[in-house]
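The block underneath contains the structure these notes are about, expressed in structure tokens.
The values are calculated or read from the model by the stated rules, or taken from the named source; none is laboratory data. Since the structure is predicted, the reported quantities are computational estimates derived from the model, not experimental observations. With ideal geometry, Cβ positions are generated from the backbone for all residues, glycine too; neighbour counts draw on all protein chains shown. Surface accessibility is based on the protein's heavy atoms, side chains included, excluding ligands, DNA and RNA. Shrake-Rupley method; radii C 1.70, N 1.55, O 1.52, S 1.80 Å.
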Amino acid sequence: MTTITTNKWSWDNLIKNVLCLTHPGKSWTPDISMTWTQRFFTQVLTYGEIPKHVALIMDGSYGENNNCISAQESYAKGFDKLVETLQWCLHFDIKEVTVYAFSLYDFKRTQEEIDALFEEVKTFLEERDTLNELGVCINFFGNIKKLPDDLVKLFSKSMIITKQNNKISLNVAFSYTGNDELTNAFNQISHGIKNNDLEESDLSVEILDNCMYTYPSPPPDLLIRTSGETRLSDFMLWQCSYSYIYFTPVLWPEFTAWDFMIAIFMYQRNVRAFMRYKLPTKRLSSRAEQFVENVQQNRLNSLYTIA
């Protein structure tokens, strides 16, 4: 898929052209330097609903497909692209982004690759001026038992430092798989019943939702998978039941604003064509609410204790 760009085009010009379409009574002056590609961007922005929560599977095969660069360079490009994607999301008023950065299966990679990725994660999290300038609030979920203490400590500090930022939430799924998340939730509920914190009558879809690593984040509206893979790779198996899933052959660091807009456009078409159905929710009992609150507090404590 090719991307058409011009030196004269900018996000400011794009927003100005959107305003021309959405507020025809105002005295906005359209930018005639925009190409048809950029005009398409403008049309997409006015076409329909923009997703509130976008999830991204950051594929790690870029270095494998580009032998001329090292794993370190590949991961650096990947995190640079993540910052750029956050900027796109801010322009579209997308409030939440979840990225699948490192799976439990990735521990099978060579130690050199793992160390290179961990170093880039640390570099990304230490760029606090950039994150604060963008208004990014960092959240982390995954199995911290598998991670080195210094990395968990950095995640914890980043969560604390960016807690007051409110422009966009970035959920980092690290040392994570959907199977591990479900197993952990079942274990939490099982222990709750064993310790008389729960009764069998409390069991419901809602309490399982609340025991997930991802709680209280809502399910993603749009999940984007890059690199030509057409599978979820054990990512948010429980949460994506009603998400629109978009697969693209583009490798993650080469993912462009054009590719992003195509994904949003396809999501918009899906929302228009089909009414999204969600199961009716059941109110938790006061006992179950207290149990869920304790589960979440224990998870936060395990992070902040290390910090």
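Below, the figures for the structure above:
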item: Environment charge at residue 134 (Cβ cut-off 12 Å; Lys +1, Arg +1, Asp -1, Glu -1); result: -2
item: Size-normalised alpha-carbon gyration radius of region 52-199, reference 2.2 N^0.38 Å; result: 1.14
item: Gap separating the Cα centres of region 169-196 and region 95-163, nearest whole Å; result: 19
item: Exposure of residue 258 as accessible area (Å², to 10), given a probe of 1.4 Å and all protein chains; result: 50
item: Amide proton proximity set for residue 246, modelled H, under 5 Å, gap of 5+; result: 223, 224, 225
item: Sequence ranges 205-211, 123-129, ranked by mean other-Cβ count within 10 angstrom, highest first; result: 205-211, 123-129
item: Value of Rg/Rh across region 132-240 [Cα atoms, Kirkwood radius]; result: 1.01
item: Sequence ranges 148-156, 103-111, 260-268, ranked by mean other-Cβ count within 10 angstrom, highest first; result: 260-268, 148-156, 103-111
item: Gyration tensor (Cα) of region 83-133, equivalent ellipsoid semi-axes in angstrom; result: 26, 14, 7
item: Quarter of the Cα convex hull surface for region 148-307, i.e. its orientation-mean projected area (nm²); result: 11.8
item: Over region 196-262 - Rg/Rh using Cα atoms and the Kirkwood inverse-distance radius; result: 1.15
item: Sequence-distant residues sharing a close amide H with residue 162 (under 5 Å, placed H); result: 138
item: Mean projected area in nm² (Cα convex hull; one quarter of hull surface) for region 181-226; result: 4.0
item: Neighbour net charge for residue 86 - beta-carbon separation under 13 angstrom, K R +1, D E -1; result: -3
